[in-house]
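Take a look at the structure set out below.
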Amino acid sequence: MAEDNARLNEKRGRIAFRAWRRGFREADLVLGPFVEREGPSLTEAELDELEALLNIDDQYLYAWIIGREPTPAEHETPLMARIRAFMRDHVAAVVAQGAG
């Protein structure tokens, strides 16, 4: 059990690093905070799914998140819906604070 927790924590750390350092600022500002807030509650399967999303080129992934392009069926999942909802809430909160 402790070994499983250590492995999942290592995976969460790796995902958090990648989420914040996309090289595409808009994606960083959605995915980084999403992983910080939601990452600890994600299941191992959801972490695997998130890791797969992080392998996708930023321009495509971000376009799916903001709804500019349709998300391919294999990535249209409850996790993607959570990322979109987080993006809407996060961006609205940042704009309300005067950052936009």
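The values are calculated or read from the model by the stated rules, or taken from the named source; none is laboratory data. All values reported here derive from a predicted model rather than from experimental measurement. Note that each Cβ is placed from the backbone with ideal geometry, even for glycine, and that neighbours are counted across all protein chains shown.
So the values come out like this:
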{"quantity": "Residues satisfying the stated conditions in the stretch 18-32, i.e. surrounded by fewer than 18 Cβ atoms within 10 Å (Cβ to Cβ), of a type outside the set (Phe, Trp, Tyr) and not in a helix (DSSP H, G or I)", "calculated": "21, 23"}
{"quantity": "Boolean, residue 77 is within 13 Å of the chain's Cα centre (by Cα), of a type in the set (Ser, Thr, Tyr), more than 20 Å from residue 93 (Cα to Cα) and at pLDDT 95 or above", "calculated": "yes"}
